[in-house]
Structures are given as structure tokens and as C-alpha cells.
Amino acid sequence: MKQRLLGYLACAECGGGLSLTVTERDGDEVIDGQLSCDGCDAGYPVRGGIPRFVAFEGGANRTAENFGAQWQVFDHVSAHHRQQFLDWIAPVTPDFVANKVVLEGGCGKGRHTRLIGEWGAREVIGIDFSEAVEAAWRNTRDLPNVHIIQADIFRLPIRPVIDYAFSVGVLHHLPDPRAGFTSLASRVRPGGAISAWVYGRENNDWIVNLINPLRERLTAKLPPQILYAVSFLAAVALMVPLRLLYRRGWKGLFYADYLGYISGFPFREIHNIVHDHLTAPIAFYLRREEFAEWFAKAGMEEAEIHWHNRNSWRGFGTIPGGEGGHGR
């Protein structure tokens, strides 16, 4: 934890300011210490360089537990992640985040957190409920403008001073996706902006009717080692049509937009994608009108909602009450 992060933090219980007691440092990094609320009796440890606003216990939240295990294994950050991320948050560009305070809701292993930091954000705060924060901290520790926090997206320990917030591939795995979006938006200052990317309901009947029941009843309950092996074998089988058919851009193939999009990804990423779709106990597939309503309820009258690869939705909007806009 960099000590200047303290200026952006608030008590998860009462919203009050926090004081920091340091017990171990490594240069500018606070490795161990204690955060204490100035307004109530709440306290939060800093352990392993990460402020901990949740007491994560295995089994308490299976979605967080499964994804935490996944991101500890698939903790790589690769070159293709940059364009993939830009596709998910379009129309936002690297220039847009320059010198902004950015909040990521559900940072996983920190691959997007790192990109935002490299694009010149003033500060980037990545939060995740799970033990994936360990991988995120490892992947971003060398960047002086990046901070990782273990926290609950429904009870964010962040002051409402964020210039830009985003969440990619996380909200649809929450028990209440809209509440997660609303919580994230509540930390954005007037005139600030928010992006989100979620699974779409349209064109995904085969997943909802076939893959979802399989995941809920079987694969999400498998031990991590077995799920790793199962998803590995499935990824090997998927690589054959990806390389022989979809990579050549043939028209009329099943699920062509998405499978063609990922057909050039390295095998480890394909394995990661397959594992991702089999590990989560919860996954909502959202229709456009439902997704658009999130932005409307937050007062964003001109939100941009776009169909991505014919299987998902991405959205961008500006919080009313200030000067907004985005770079293209």
C-alpha cells in the first residue's frame, strides 16, 4: 500500500476517514499495518501490502473463492490483453484516462489495472473481494500509481472522488449485478464517467440452456485441480476449430463473431476463457434494455450501449452534474 492511497479511502462501515499505523515498510510501500476509522471503532489490517476491508474465508462466497483460485493460476498478463481491454471499454481510449483517478470494480489478477496505470492515470485503485488481489498486487507492484485493495464492491471503502470507474466481466457474476453497478457509480464524482462490460442474453440461448446448468450443477463444484484438467481438455478440443476454421474468417460458422475474435489467442488464454466459463456458480446474461436501465437509473441520459461480438454488451456514461466527455 502506498501511503497516499489513504486520501482516497473511507471506512466501509460509516464512511469516515481512516488513520494508518505502519508496522512494516519496504521503501515507499506499506507492507503491514492497521487502518483505523476516525469516526467509529472499525479497523482494517494492511497485510502483504494490501488493505483488507473484508475477512475472506473459503466457502463463504464460492464465486469469489473460485475466481480467486483461477486468477492465482492464470496470473499472466499478455500483449493481446491491451486490445481486448480497449474493445471492452470503447469508446474510452488511453488518452482519456491520463491524469485521472480511476477505480476498477473487480480487478482479478490486475491485468486491466496495470494497463490503466501504464496509460498515465494519476492513481488507479483496483478492488477485488477474492484472494486474486495477491496476483494483482504482484502484477502491479512496480507501478507507483497503482493500488490494490481487498474489498466488497457493495461496500466500497472509497470516497466519492473518482474520475472514471469501470468493471469488465465482473458485474454479471454478482448476486445483484445492478446493485454492484450502482455502488461503483456512487463513488464517481459529478462529471466523471463509468464503463461496464457484461454478458448479453441475446444470442446466448445455447449457453443459458446448456452451459449454465452444467456449470451450476457440476463444474463450479469441482475441486480446482480437477476443473483445471477438465477445462484444459475442453480448450484443446476447442483449439482445433479455432485454428482450422474460425481463424480463416469463414462466414456462416456457429458463434462466428466471438469465436473468430478469440481464434488467434494463445492456448493459455483459450484455456483461461474456458475455465472462466466453467468456474462461476453465478452468471447472469443481461438483455440490452436491462443493462441500459442501469445507466438511466444513475441519471446518465446519453449513455452509449454497444453490442460486442454479438454476445455481450458494453456501456459508457457520464455522471450528471459536472463537465464530462470522453476521448476517442
Mind checking whether some residue in the stretch 217-235 is free of Cβ contacts under 8 Å to residues at least 24 places away in the same chain, assigned by TED's automatic domain parsing to the domain that holds Trp307 and either charged (D, E, K, R) or more than 23 Å from Arg314 (Cβ to Cβ) (or both)? no
Selection status of Asn272, closer than 18 Å to Gln83 by Cα and modelled with pLDDT under 95: yes
Index of the failed condition, Pro157 passing every other in (1) over 23 Å from Val92 (Cβ atoms); (2) surrounded by fewer than 20 Cβ atoms within 10 Å (Cβ to Cβ): (2)
Taking the conditions exactly as written (closer than 24 Å to Lys100 by Cβ, at pLDDT below 95 and under 21 Å from the mean Cα position of the chain (by Cα)), does His326 satisfy them or not? yes
What strands (runs of 3 or more DSSP E) completely inside the stretch 142-205 contain at least 3 residues that are touching a helix residue (DSSP H, G or I) at 6+ places or on another chain (Cβ under 7 Å) and either over 23 Å from Gln3 (Cβ atoms) or not assigned by TED's automatic domain parsing to the domain that holds Leu103 (or both)? 162-168, 188-199
For Glu289, only one of the following conditions fails: (1) surrounded by 15 or more Cβ atoms within 10 Å (Cβ to Cβ); (2) at pLDDT 95 or above; (3) of a type in the set (Asp, Glu). What is its number? (1)
Among the numbered conditions (1) within 17 Å of Tyr228 (Cα to Cα); (2) at pLDDT 95 or above, tell me where Leu242 comes up short. (1)
Just checking, does the stretch 209-227 include any residue being surrounded by 14 or more Cβ atoms within 10 Å (Cβ to Cβ), modelled with pLDDT of 95 or more and within 22 Å of Arg310 (Cα to Cα)? no
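The values are calculated or read from the model by the stated rules, or taken from the named source; none is laboratory data. Treat the numbers as computed from the prediction; the structure is a model and nothing was measured. All Cβ positions, even for glycine, are placed from backbone atoms using ideal geometry, and neighbour counts span all protein chains on display.
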